[in-house]
Amino acid sequence: MSAHGAPRTLASHPVTGLHGTADIPGDKSISHRSLILGALAVGETRVTGLLEGQDVLDTAAAMRAFGAEVTRHSPGAWSIHGVGVGGFAEPENVIDCGNSGTGVRLIIGAMATSPITATFTGDASLCSRPMGRVTDPLAGFGTAAHGRAGGRLPMTIVGAADPVPVRYSVPVPSAQVKSAVLLAGLNAPGQTVVIEREATRDHSERMLAGFGAEIATEDTPEGRVITLTGYPELRPQQITVPRDPSSAAFPVCAALIVPGSDILVPNIGLNPTRAGLYQTLRDMGADLTFEDPREEGGEPVADLRVRFSGTLKGIEVPPERAPSMIDEYPVLSVVAANAEGTTVMRGIKELRVKESDRIDAMARGLEACGVRLEEDEDTLIVHGRGPGSVPGGATCAARLDHRIAMSFLVLGMAAQTPVTVDDAGPIATSFPIFEDLMGALGAQFSEMADA
Ligand code: S3P
């Protein structure tokens, strides 16, 4: 299945129980970073458990275009022969990052301080997303960006020939912006400093340290201050990619709302900057057990046992938790629709500039399925109908957004009548085995002929 093919309409039918083991693919954030940092190291980095979703495959192709040798040996096992910090070659052609905001923003950062020019594009979703959030701080290094109105792709980046380091306070909580600035700082003299008021996922910091960069993080009254020293020699690594907690969220949430379910999700990443959903689900009364907590490849992991949890209760999600569960609000809103009482999600306006406007996408689809809700620019409030009480029966728009498509398919599993998504294709960007994996647990999907 391709992320770029003709739209594929898929219905998800109500089921009576999900059972078995959910082997989730590799973490998307860590997979992108493995390829990019591998390309910036001198020598051969080896990766196992790499996510082979379209987003990551597009980043692999981009790294080849910048001169790295990237080889797939067997499923999930890849090697990257890097060119070293400052060693990127000028690509001969336009770089197509497909659907991936993480891919394009990190790669722009990684090439921004090399004396080369590159042009980036993507699909309709990516070409509608703001790039100014990365090109503004990169201008401080001396990097020029020429894009469409509103700082949109396609965009040409002219790398700084003589970069100066920056000190940048990130105005929105964004790991992509933080990471783009840090990657640019690798090929600048002196110290590049990034300050974030709210902590976002810290995979870049952990991995840069693992590759041998000098990087320090300090929690101060101003926020988290990250200082990177330029011109390190990055040493190649052996990386084991943990399984993606954001992908695991779909079978986990499904098991919580489909009566009789009991599933095991082995080896999932539980980095605290990513684990907000799991705390939130517990606050709602979910039966989750983390077994055998341990560390793998510098990241905390555990095996997660999930059982159907009867009546979950609506809660107010603490807004300060948003950065640690930013990708999980769509599927949380599905759980909220099946809970009793009201779930209030505030401080989430970043959802409006993801692969789609995720507040609007979820609100319109949930409403069509019989769920009452309220929204404003920064908030989604879902009035739960209680377990098994969502009518369903609608066709919801996926809007080129993998997480929207998967969320509505989860909704259908616990609804009174099937829920259909107008295009399941985008799921391949992050979770290419979603349908097979969920089917093996007991989900029932059927393809619909195009209307
Ligand atoms: C990501 C950061 C987040 C997240 C995205 C992955 C990353 O985006 O939504 O799926 O790997 O750095 P923002 O930086 O826009 O918050």
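Bear in mind these aren't lab numbers, they're just calculated from the coordinates by the rules spelled out. It should be emphasised that the depicted structure is a prediction, and the values quoted were computed from it without experimental measurement. Heads up, the Cβs are rebuilt from the backbone with ideal geometry, glycines too, and the neighbour counts pull from every protein chain shown.
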- So for D58, D136, fewest C-beta neighbours within 10 Å to most, what's the order? D136, D58
- Can you put C396, C253 in order of Cβ neighbours within 10 angstrom, beginning with the fewest? C396, C253
- Query: From the backbone phi of region 38-47, what are the Karplus-calculated ³J(HN,Hα) couplings (6.51 cos²θ - 1.76 cosθ + 1.60, θ = phi - 60°) in whole Hz, Gly and Pro given as x?
  - Reply: x, 5, 9, 8, 9, x, 9, 8, 10, 10
- Between D23 and E233, what is the spin-label point distance in nm, taking each point 7 Å from the Cα along the Cα→C-beta axis? 4.0
- Message: Using all alpha carbons of the chain, what is the percent of pairwise distances in each 20 Å bin, ordered from the shortest bin to the longest?
- Response: 27, 58, 16, 0
- Divide the volume of the convex hull of the Cα atoms of region 280-379 by its number of residues and quote the answer in cubic angstrom per residue. 117
- How high is the FRET efficiency from E214 to D136, r the C-beta distance, R0 30 Å, rounded to 0.05? 0.70
- Query: Per the helix-only calculation at 222 nm, which mean residue ellipticity applies to the chain, given -39500 (n - 2.57) for every DSSP H run of n ≥ 4 and division by its residues, nearest 500 deg cm²/dmol?
  - Reply: -8000 deg cm²/dmol
- Note on the structure: Computed on Cα atoms, the radius of gyration and Dmax of region 344-414 in angstrom are 11.7, 31
- Query: So for the pair D262, V42, with labels modelled 7 Å out along Cα→Cβ, what separation do we get in nm?
  - Reply: 5.6
- Work out the charge dipole of region 28-226 with +1 on the Cβ of Lys and Arg and -1 on the Cβ of Asp and Glu about the Cα centre, then indicate which of L186, T45, A199 is farthest towards its positive end. A199
- region 115-216: GluC sites (Glu not before Pro) in DSSP coil with no more than 13 other Cβ atoms inside 10 Å: E214
- Query: If packing is taken as the mean number of other Cβ atoms within 10 Å per residue, what is the order of 422-430, 405-413, highest first?
  - Reply: 405-413, 422-430
- Rounded to the nearest 0.05, what FRET efficiency is calculated for E447 and Q416 with R0 set to 22 Å and r the Cβ-Cβ distance? 0.55
- Message: Need one number: the % of Cα-Cα pairs in region 28-226 sitting beyond the 23 Å mark.
- Response: 38
- Would you work out which of A249, G439, G370 lies farthest towards the positive end of the dipole of the chain? Charges go on Cβ: Lys and Arg +1, Asp and Glu -1. G370
- Using θ = phi - 60° and the Karplus relation 6.51 cos²θ - 1.76 cosθ + 1.60, list the HN-Hα couplings for region 161-169 in order, rounded to whole Hz, with x at every Gly or Pro. 6, 9, x, 10, x, 10, 10, 9, 9
- On each of the three principal axes of the Cα atoms of region 111-190, give max minus min coordinate, whole Å, ordered largest first. 38, 29, 16
- Query: Can you run phi through the Karplus equation (6.51, -1.76, 1.60; θ = phi - 60°) for region 22-31 and list ³J(HN,Hα) in whole Hz, with x for Gly and Pro?
  - Reply: 9, 8, 7, x, x, 5, 5, 4, 6, 5
